Amino acid sequence: MAKKEILSKFNLKDYNNELEKILEGKDFSSQVKNLLLSMFYKLEIGYKDYAIVKQDINSKEAIMESILNVIKTKCKNIELTKPNLDEQKESEACYIVYPEEGKIVCYQNESALLQAILEMGTKEFFVSKNDLPFKRAVQKVLIQGYELNLKELLINFDGWAWNNNFDKYDNVSSFLLYQNLRLLFGNTFLYDWKRDRRRNRDYLSEIKNFSEDFWKIFCKYCLQCISMEKNEKLGIEHELDTLKQELKDMKDKVNFLKKMYEQKKITSESIKRIDKILNDNELLKGEFLTRNSDLPEKDKIFSLSDLEEIIQNERVACVDKLQECNYILEPKNYLNKIKKIEQQIEMIEDANIKQVDSNIIQQKQIDLQFIFLNEFKKKLDNAVTKKELIELVYHYRYYLWLPIQTNTGLKRIREVPELQEEIIEVAKKVITKACKLKALLIINQDIQYNFEIMFKIIDTKIIHLEEICAIFSKSDDMINVDIYEGEILDRVESIPKEKEEDFMIKFNKKIRIFT
């Protein structure tokens, strides 16, 4: 046996077996344990198709081990409950998470349990202090999108087919926005964003630098989404008032600069005092006694080393404040800060959170799709290899099946009337370039007619596009296309008979569509 094959077998993991070992140390009911094992089994058998359809995703190891880690380290108690008859339709989304207690209460189905576990373990998407007005809104929408992105593996991939059970999602809008970001910026961008511990990367600025139009609608959309909740709306309104006051203070230049210099002086003195205490053990002991004398018993500092750590953190905060003062005292930075606040106020006011309703949010989603499609065209322009084009064909095919909430109900992107013209234009660009790079077979020399045929073929839920075959045949006034997934007939499409002399394939013979 080859060395590589031996290593592969050695590294192969049985995640159900690992889960069983974790469950041995958990006081879960047999019903909960069986549901967890069933959930893991479904995740494993669906992953292969999930990876093919979406192309750019986390590895199976990363997904399974992150879920196992949450169950092992954070889940202390899981209770299952049954929905009332009038709640049955909502059962897929029904769960409650109590993070501090390590407790989950959810309905007895794998998708509700998975989403609850993901929520228990989800880390925040870091937003820098430059974008604090959007922090809560952006984080909440991205966390929802992340959870639903993994939930898709469970509810839409069963090891046999790619299903479309998005009616089981409790927040289709966040899922769509997350997929927009994944398809434009890549899965690694979102993976790094979610796991960022150093917090020295400004992800929102990267989105803004990529496309300011996308960034603006993205931030406004996030604000509108969370403003549907009363408490969140009040929080945004408070943030807006704070920004307006900050802008007013800054525009009073003389007094503002005076306050900055005073703050700088006070902060510098605080740093000197802290350094003096840290470098003198007697002063440190005196500080220990002084602080503890003012603290209630439950909050008292346990030891000198604990106090030293507290003071070190205070020093870091002072240094940050001092650097901020020095930064803002630079004339250029002072003007840029004013401009930034004015822009943030304008964006929050444009979001019109006091008047927002589901219709406004739905329209904002559609606006975002126009920008997404425009940016996707640029990705197509930059693709130069056959491999890149095939991945973009997969991405666009997946995009066409994404769900979007409209005034007339839940639809797939492909069915939204307002987007039809742009969708067709991008599809034409995808197919034409794929044909030029010989990733797709050219059916007919006429570019427009070839596109009409090919678009019918690739707008499919056949999982592995490279397995698509077709048999073309003629009837009186139509060209009939029998579309196969390997040897299995998937469906039959027809197109008006035109450009017969320009066909470049043999009729009544099975041919591969991807070359």
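Side notes on the structure shown:
- In this structure the amide hydrogen of ARG491, modeled in the peptide plane, comes within under 5 Å of the amide hydrogens of ILE483, none closer than 5 places in sequence on its chain.
- A Förster radius of 56 Å, combined with the Cβ-Cβ distance separating ALA317 from GLU421, puts the computed FRET efficiency at roughly 0.55.
- Take 387-397, 139-149, 242-252 and order them by the average number of nearby Cβ atoms within 10 Å per residue, most first; the result is 139-149, 387-397, 242-252.
- Shape of segment 359-403, Cα gyration tensor, a/c cut at 1.5: oblate
- Of all DSSP beta bridges confined to the chain, the antiparallel ones make up roughly 85%.
- Computed over segment 239-351: relative contact order in percent, which uses C-alpha pairs under 8 Å that are six or more apart: 39
- Relative contact order, percent, segment 158-314 [alpha-carbon distance under 8 Å, six or more residues apart]: 7
- Gyration tensor verdict on segment 405-452 (Cα atoms; rounded if a/c is under 1.5, prolate if a/b is larger than b/c, oblate otherwise): prolate
- Kyte-Doolittle at least 0.5, axis length at least 18 Å by Cα - qualifying DSSP helices, the chain: 172-185
- Pairs of Cα atoms nearer than 8 Å and 6+ residues apart set the relative contact order; for the chain it is 12 percent.
- Calculated on C-alpha atoms, the gyration radius of segment 460-515 divided by its Kirkwood radius gives an Rg/Rh of 0.97.
- Listed by chain and number, the lysines placed with their C-alpha closer than 20 angstrom to that of LYS264 are LYS129, LYS251, LYS253, LYS272, LYS276, LYS321, LYS332, LYS337; residues fewer than eight positions away on the same chain are left out.
- Counting charges near ASN336 (Lys, Arg +1; Asp, Glu -1) among other residues having Cβ under 15 Å from its Cβ returns a value of +2.
- Convex hull of alpha carbon positions in segment 239-351: directionally averaged projected area 9.6 nm².
- Listed values [x] 28.4, 101; [y] 21.5, 62; [z] 24.3, 73 include one computed from this model; for Rg and Dmax of the Cα atoms in Å that value carries the label [x].
- Positive-end extreme of charge dipole, segment 239-351 - chosen from ALA317, SER305, LEU335 (charges on Cβ): LEU335
- Among the listed pairs LYS461/LYS497; LYS340/LYS386; LYS258/LYS298, those with a Cα-Cα distance over 31 Å are LYS340/LYS386; LYS258/LYS298.
- Mean shadow area of segment 124-254, taken as a quarter of the surface of its Cα convex hull (nm²): 10.1
- Highest average packing first - 225-231, 43-49, Cβ atoms within 10 Å: 43-49, 225-231
- Those residues of segment 227-252 whose amide nitrogen sits under 14 Å from the label point placed on SER358, 7 Å along Cα→Cβ: 228-229
- When Rg and the Kirkwood radius Rh are both evaluated on Cα atoms of segment 10-84, their ratio Rg/Rh stands at 1.01.
- Label point distance in nm, ASP280-ASP502, each placed 7 Å from Cα along Cα→Cβ: 9.0
- Cα-based Kirkwood hydrodynamic radius, segment 72-173, one decimal, Å: 15.0
- Centre-to-centre, using Cα atoms only, segment 374-407 and segment 235-294 are separated by 50 Å.
- On full extension, the segment bounded by PHE370 and LYS265 gains 32.7 nm, given 0.36 nm per residue less the C-alpha separation.
- One decimal place: the segment ASN34-THR73 gains 12.1 nm when fully extended, by the rule 0.36 nm per residue minus the C-alpha distance.
- Annotation: extensible slack from TYR98 through LYS194 equals 32.5 nm (criterion: 0.36 nm per residue apart, minus Cα-Cα distance).
- Zero-based 10 Å bins, Cα pair distances in segment 179-260, whole percents: 15, 28, 35, 19, 4
- Shape call, segment 298-363: gyration tensor on alpha carbons, a/c limit 1.5: oblate
The numbers here are math on the coordinates, done by the rules we state, and not lab data. Nothing here was measured: the structure is a model prediction, and the numbers come from that model. Positions of Cβ are generated from backbone atoms using ideal geometry, with glycine treated the same way; all protein chains shown enter the neighbour counts.
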